[in-house]
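FYI, it's all coordinate maths here, none of it is from the lab. Everything numeric in this text was worked out from a predicted model, so none of it was measured. So basically every Cβ, Gly included, is an ideal-geometry build from the backbone, and we count neighbours across all protein chains shown.
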Amino acid sequence: MANHKSAEKRNRQSKVRRARNRMNKTRMKNVILKVHSAIAADSEEQAREALKNAVSVIARTATKGTIHKRTASRNISRLTRRVNKMQAI
């Protein structure tokens, strides 16, 4: 338990940031799942649309500092490769 005024404020700030980060991460995971489910359904048009949305959300999550920019780049790259692989088949 925080005993000083500054420690109490830091605790409040941490709670707010944690909630914000969880919200952003959950949103990111959900859009990634939508891309994976579109790939599994073998719907290239839906997969492309979901990928476009996912790239935007992942990049925004990295910009807000919830995830590292290289993690975001890696996730975007892997999703793009999987969607592009659908076209080749």
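Restricting attention to segment 1-44, the residues that are among the acidic types (D, E) and in a helix (DSSP H, G or I) total 2.
With respect to the conditions (1) of a type in the set (V, I, T); (2) part of a helix (DSSP H, G or I); (3) touching a Ser or Thr at 6+ places or on another chain (Cβ under 9 Å), I67 falls short on a single one, namely (2).
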